[in-house]
Each structure stands twice: as C-alpha cells, then as structure tokens.
Amino acid sequence: MALYFSHIRLSRNPSARALAALLRPTESGERTSAQHHLLWSVFADSAERERDFLWREERDGSFLTLSARPPLQTDLFEPHQVKPYAPALAPGEHLDFLLRANATRMRRGGKREDVVKASIDALEQHERAGQRMEIASSEGRAWLERQGEKSGFKVVAAVAEDYATRSLPRPGASQRDEARDSRSFGPY
C-alpha cells in the first residue's frame, strides 16, 4: 500500500483569513476539533470514507499528515507539499520521535478505556495530582510497548511530557460519547 507524507498549510488568501477565528479557536479542545474537521476536508472524497490518515500540528500552525492517499487541494490551503512515504528501515535501527496518542484498551463489553485515566482514577483523590505524570509515563510506555509487540518494534525509552483530556465533538454523538483523550509522549 502506498503512503503519502504531506505538509499542509492554510491559505493566506482573504477568504481563508476570514475564517481564521473558526479554524483556529483559542480553546484547546475546540481548536483540536476544528483542526480535525479542517483536515478531514482534504481527505473527504466520499461520505462513506473511513479515516485513513494521521496528523500533527506544527508550531507554525501548519500540519503534517500521513495518509493512504494524497490530500485533495482546496482553496482553504496553500498548494500541498506531498511526497511518497516509504522509509527504508532495517532491523536494529533506532528512531527518535514524538507521539500524541489516544492510549486506550478494550474492556469487556466492548468499551474502550483510557489506560492512564483508569490508573489515575484507581487512586484516592488526594493522591492523583502528585502521581499523575508518573502514571502517564509508566502507563503510556506500557501501552506503547504493547503496540510494539504487535507491530514489530521495541521501545527503548519513553517519557510523557504531558497528559491532558480534551472533549472533541463528533457528528451524531451524544455529549456523553464525545469525550476523547489525547496525550503527548516523547521523545523516544
């Protein structure tokens, strides 16, 4: 399967600038949700399309994506910089990377659970703040190691830089079902 690595930047034209407040709100959860929907717009070639891309916001407000197909060009964006993604990795190579992940596991009954939040919630209320980042590091690393066992990589080092929960609205979901978490782990 071909993969594409793309650098996507909002257009600087007047029509895109007029939407800037909507596309880049200041509140974290709203911002992430707006960005998610914004990026969906360049990969939504049909109503039945499943999400098949990963994305990350860069410090300059642009986005990096990894996708199964090139992004569609629209007037909201500068021309995309797209290149094939086919890294030539060899056994034993070491990679450093930053990762923001929704580290979950499936519970009996088919319900997903946040691995970090589940461990934090198991503590007494007065212990949670003091152990939050330690738990985020240990549970995040354990989750990443399980991913590596399934996918053929080994985690040498992992540190959680942050742990935050954000509510991201999903079309058709009730407010209770909207909660999504994102965490940043790195460098590895």
Handout entry: Relative contact order (%) - the stretch 86-136, alpha-carbon pairs under 8 angstrom, separation at least six
Key = 21 percent
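Give the peptides 135-145, 9-19, 62-72 in descending order of average Cβ contacts within 10 Å, highest first.
On the way: 135-145: 19.5, 9-19: 12.4, 62-72: 16.6.
Ranking the peptides 135-145, 9-19, 62-72 by packing returns 135-145, 62-72, 9-19.
Please calculate how many Å² of accessible area the stretch 102-161 carries per residue, with a 1.4 Å probe and no DNA, RNA or ligand atoms counted. Before the final figure, lay out the partial values.
On the way: 4120 Å² over 60 residues.
The answer is 69 Å² per residue.
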Practice task
Using Cα centres only, tell me the gap between the stretch 33-95 and the stretch 120-145 in whole Å.
Solution key: 31 Å
Exercise for the section: Convert 25 °C to kelvin, take the viscosity as 0.890 mPa s, use the Kirkwood radius over C-alpha pairs of the stretch 98-166 as Rh, and evaluate the Stokes-Einstein diffusion coefficient in µm²/s, rounded to a whole number. Expected result: 190 µm²/s
Completion exercise
What the 5 Å binned alpha carbon P(r) of the stretch 31-174 shows, as percent of pairs per bin from 0, is 2, 7, 13, 16, 18, 17, 15, 8, 3, 1, 0
Exercise for the section: Estimate the FRET efficiency between LEU22 and ALA90 by the formula 1/(1 + (r/R0)^6), using the beta-carbon distance for r and 41 Å for R0, to the nearest 0.05. Expected result: 0.35
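Over 16 Å, how big is the tail of the calculated P(r) for the stretch 60-104, in percent of all Cα pairs?
Numbers: 612 of 990 pairs.
I get 62 percent for the Cα pairs in the stretch 60-104 exceeding 16 Å.
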Handout entry: Extended-chain gain in nm, criterion 0.36 nm per residue less alpha-carbon gap, VAL159 and ARG132
Key = 8.4 nm
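The values are calculated or read from the model by the stated rules, or taken from the named source; none is laboratory data. Note that the coordinates shown come from a computational prediction; the quantities given were computed from them, not determined experimentally. So basically every Cβ, Gly included, is an ideal-geometry build from the backbone, and we count neighbours across all protein chains shown. Accessible surface areas use protein heavy atoms only, side chains included; no ligands, DNA or RNA. Shrake-Rupley method; radii C 1.70, N 1.55, O 1.52, S 1.80 Å.
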